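Step one of this worksheet: look at the structure below.
The values are calculated or read from the model by the stated rules, or taken from the named source; none is laboratory data. Because the structure is predicted, anything quoted here is derived from the model rather than measured. No Cβ is skipped: glycine too gets one built from the backbone with ideal geometry, and neighbour counts run over all protein chains shown.
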């Protein structure tokens with residue numbers, strides 16, 4: 001278990017190191033997220049009430065689309081007939097590769113989200129209840145489900161032609177539970193809804209996360225065969 | 001209930017049109033494949049005949 | 001095979017007759033209610049088809065027998081055809097009974113997402129050229145897609161309860177004659193599904209043979 005965690009950490013570290021050298025995906029995601037905030041402001045120009053209503057949806061849509069830019073790349077470098085050429089030569093568990101890549105994506109998307117959050121809050125004049133743990137639970141669980149499902153689908157799409165075109169097509173239908181539950185719980189917290197009303201939404205996020213934590217153990221190795 | 005009958009008609013027409021359309025597409029694909037299979041078979045036979053012949057004569 | 005086709009055709013005609021003529025007119029909804037028979041029959045078979053995709057996908061990964069992959073691919077395509085029918089007849093019903101073409105009713109919404117998932121499955125297959133890789137990757141997606149469906153359904157149901165809809169689907173109390181008509185229709189469409197799967201897997205077999213021949217011709 002400890003050895004497995006070390007392998008995952010090592011792969012995640014290497015991924016992040018490679019990303020830190022170029023910062024390509026990170027910069028693209030961050031700038032894209034901020035741009036979307038601006039574009040939404042122009043396109044919707046919402047009044048006070050409408051702003052509160054659409055804010056959680058806009059926030060998550062931005063996170064999903066920005067994250068998609070990074071996810072698409074996480075297996076792209078090794079795409080082709082020999083996926084992950086370098087990494088697969090090492091006798092590392094296939095599952096460790098998945099969780100390493102997912103952890104790296106989680107860090108990158110997490111930073112982008114933390115950077116975009118205050119900007120969105122300012123642009124749409126929404127005060128975020130930062131001391132409310134439920135807000136963070138919604139953000140963390142939603143992001144976790146998105147990254148786990150997204151990393152898996154990115155690995156899957158990397159086996160096909162035009163993977164970057166295919167990824168959103170395959171990912172978003174499968175991501176529907178996260179889209180619904182993340183937006184509704186974040187929105188509920190902002191609207192000061194009762195925890196009981198949102199409990200089922202959190203439960204959906206947890207179930208989704210658990211399923212996509214378990215699936216790679218059973219299925220990920222099939223995606224890397226050559 | 002006139003409109004009800006109209007909706008009923010449209011629904012059933014759509015169901016049967018899609019089903020027959022799908023059957024027609026299956027048939028068309030099957031025929032196209034069979035034509036290709038025959039031409040490939042013939043081409044392969046010719047090719048193998050050619051390569052066999054010189055070996056036989058020499 | 002020939003017998004199966006004849007029985008399926010006879011059952012489809014019987015279903016048509018029972019649904020359109022023999023079953024009594026619904027007291028509240030009137031004639032439109034008869035859309036119900038093919039609608040439920042196609043919906044049931046769409047679920048059956050996608051379950052077969054799951055079974056074929058798991059069996060392929062276990063045995064690496066291409067026949068399982070052909071079964072999964074065929075069943076997915078037919079499932080998409082049936083789901084398309086559900087999504088076409090559903091709105092016609094909705095327009096006639098509720099006055100709108102579409103409502104975000106949990107069952108409608110889940111069916112729509114189901115359609116997207118398996119259209120994705122077919123697009124994915126079309127985007128991979130090597131047969132063994134296509135079979136393997138599609139099988140993984142076939143399993144994940146299926147596992148996801150119940151979670152989608154729960155989330156959509158929950159979403160609807162916090163966004164109450166004005167339109168409530170009326171409860172259908174089925175008379176015995178209606179139930180008979182429904183069951184015959186379900187059976188007829190299931191037979192049709194069996195015929196279609198048989199045709200479609202044969203197509204897939206010939207297609208694989210053509211691809212193999214083309215490969216041999218290239219290497220010869």
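Which pairs do you get when a residue that is within 10 Å of chain C (Cβ to nearest Cβ), found in the range B:4-32, comes within reach of a residue that is outside any helix (DSSP H, G or I), reach meaning Cβ atoms under 6 angstrom, with the pair 6+ apart or on two chains?
B:4/C:30
It is to be established whether one or more residues within the range C:80-88 are over 24 Å from residue C:158 (Cα atoms) and within 14 Å of chain A (Cβ to nearest Cβ). First the steps, then the outcome.
So the first thing to find is which residues in the range C:80-88 are over 24 Å from residue C:158 (Cα atoms), and the list is C:80-82, C:84-85, C:88.
Filter again for within 14 Å of chain A (Cβ to nearest Cβ), leaving C:80.
Yes, the range C:80-88 contains a residue that is over 24 Å from residue C:158 (Cα atoms) and within 14 Å of chain A (Cβ to nearest Cβ).
How about the range C:94-104: which of its residues are surrounded by 18 or more Cβ atoms within 10 Å (Cβ to Cβ) and facing chain B (nearest Cβ under 7 Å)?
Matches in the range C:94-104: C:96 only.
Residues that are over 25 Å from residue A:27 (Cβ atoms) and surrounded by fewer than 22 Cβ atoms within 10 Å (Cβ to Cβ): does the range A:110-124 have at least one? Give the derivation first.
In the first step, residues of the range A:110-124 are kept if they are over 25 Å from residue A:27 (Cβ atoms); the result is none.
No, the range A:110-124 contains no residue that is over 25 Å from residue A:27 (Cβ atoms) and surrounded by fewer than 22 Cβ atoms within 10 Å (Cβ to Cβ).
Mind counting the residues in the range A:180-226 that are exposed (fewer than 14 other Cβ atoms within 10 Å of the Cβ) and not in a helix (DSSP H, G or I)?
5
Taking the range A:1-39 on its own, how many of its residues are touching a residue at least 60 places away in the same chain (Cβ under 8 Å) and more than 30 Å from residue A:217 (Cβ to Cβ)?
Summing the residues that are touching a residue at least 60 places away in the same chain (Cβ under 8 Å) and more than 30 Å from residue A:217 (Cβ to Cβ) in the range A:1-39 gives 5.
So which residues in the range A:33-50 are over 19 Å from residue A:139 (Cα atoms) and assigned to a helix (DSSP H, G or I), if there are any at all? Even if it seems obvious, please write down each step before you answer.
Initially, the range A:33-50 is screened for residues over 19 Å from residue A:139 (Cα atoms), giving A:35, A:38-50.
Matches in the range A:33-50: A:35, A:38, A:39, A:40, A:41, A:42, A:43, A:44, A:48, A:49, A:50.
Please work out which one of (1) closer than 13 Å to residue A:75 by Cα; (2) more than 14 Å from chain C (Cβ to nearest Cβ); (3) without any contact (Cβ under 8 Å) to a residue 60 or more places away in the chain is the condition residue A:100 fails and give its number.
Checking residue A:100 against (1) closer than 13 Å to residue A:75 by Cα; (2) more than 14 Å from chain C (Cβ to nearest Cβ); (3) without any contact (Cβ under 8 Å) to a residue 60 or more places away in the chain, the one that fails is (3).
When only residues in the range C:182-191 that are closer than 18 Å to residue C:36 by Cα and surrounded by fewer than 24 Cβ atoms within 10 Å (Cβ to Cβ) count, which is nearest to the chain's Cα centre (by Cα)?
Within the range C:182-191, the first condition is being closer than 18 Å to residue C:36 by Cα, and the residues that meet it are C:182-190.
Then drop every residue that is not surrounded by fewer than 24 Cβ atoms within 10 Å (Cβ to Cβ), which leaves C:182-184, C:186-187, C:190.
Numbers: C:182: 17, C:183: 17, C:184: 17, C:186: 12, C:187: 14, C:190: 10 Å.
Checked the range C:182-191; the qualifying residue nearest to the chain's Cα centre (by Cα) is C:190.
Checking the conditions here, which among C:16, C:108, C:61 is within 11 Å of chain B (Cβ to nearest Cβ) and either surrounded by fewer than 22 Cβ atoms within 10 Å (Cβ to Cβ) or within 20 Å of residue C:136 (Cα to Cα) (or both)? Spell out how you get there, then give the answer.
Values: C:108 fails: within 11 Å of chain B (Cβ to nearest Cβ); C:61 fails: within 11 Å of chain B (Cβ to nearest Cβ).
Checking each option against the conditions leaves just C:16.
Name the single residue that is nearest to the chain's Cα centre (by Cα) among those in the range A:193-204 being more than 8 Å from every other protein chain (Cβ to nearest Cβ) and without any contact (Cβ under 8 Å) to a residue 40 or more places away in the chain. Explain how you work it out, then say what you get.
Step one: of the range A:193-204, the residues more than 8 Å from every other protein chain (Cβ to nearest Cβ) are A:193-196, A:198-199, A:202-203.
After this cut, where a residue has to be without any contact (Cβ under 8 Å) to a residue 40 or more places away in the chain as well, the list is A:193-194, A:196, A:199, A:203.
Details: A:193: 25, A:194: 26, A:196: 26, A:199: 22, A:203: 18 Å.
Top of the filtered list is A:203.
Give the residues of the range C:123-139 that are more than 16 Å from residue A:172 (Cβ to Cβ) and part of a helix (DSSP H, G or I), sorted by residue number.
Taking the range C:123-139 as the starting set, the residues that turn out to be more than 16 Å from residue A:172 (Cβ to Cβ) are C:125-139.
Across the range C:123-139, the qualifying residues are C:125, C:126, C:131, C:132, C:133, C:134, C:135, C:136, C:137, C:138, C:139.
If you go through the range C:121-136 one residue at a time, do you hit one that is surrounded by fewer than 23 Cβ atoms within 10 Å (Cβ to Cβ), within 16 Å of the chain's Cα centre (by Cα) and more than 7 Å from chain A (Cβ to nearest Cβ)?
Just the residues of the range C:121-136 that are surrounded by fewer than 23 Cβ atoms within 10 Å (Cβ to Cβ), to begin with: C:122-123, C:125-134, C:136.
Adding the requirement that they be within 16 Å of the chain's Cα centre (by Cα) leaves C:122.
This time we only want the ones that are more than 7 Å from chain A (Cβ to nearest Cβ), so: C:122.
So far as the range C:121-136 goes, yes, one or more of its residues are surrounded by fewer than 23 Cβ atoms within 10 Å (Cβ to Cβ), within 16 Å of the chain's Cα centre (by Cα) and more than 7 Å from chain A (Cβ to nearest Cβ).
Taking the residues in the range A:136-170 that are without any contact (Cβ under 8 Å) to a residue 60 or more places away in the chain and not in a helix (DSSP H, G or I) as candidates, determine which candidate is farthest from the chain's Cα centre (by Cα).
A:161
Any residue that is farther than 23 Å from residue B:22 by Cα, assigned to a helix (DSSP H, G or I) and modelled with pLDDT of 85 or more - is there at least one of those in the range C:183-200?
Taking the range C:183-200 as the starting set, the residues that turn out to be farther than 23 Å from residue B:22 by Cα are C:183.
Narrowing the set further to residues that are assigned to a helix (DSSP H, G or I) leaves C:183.
Checking which are modelled with pLDDT of 85 or more leaves us with C:183.
The answer is yes, given that some residue of the range C:183-200 is farther than 23 Å from residue B:22 by Cα, assigned to a helix (DSSP H, G or I) and modelled with pLDDT of 85 or more.
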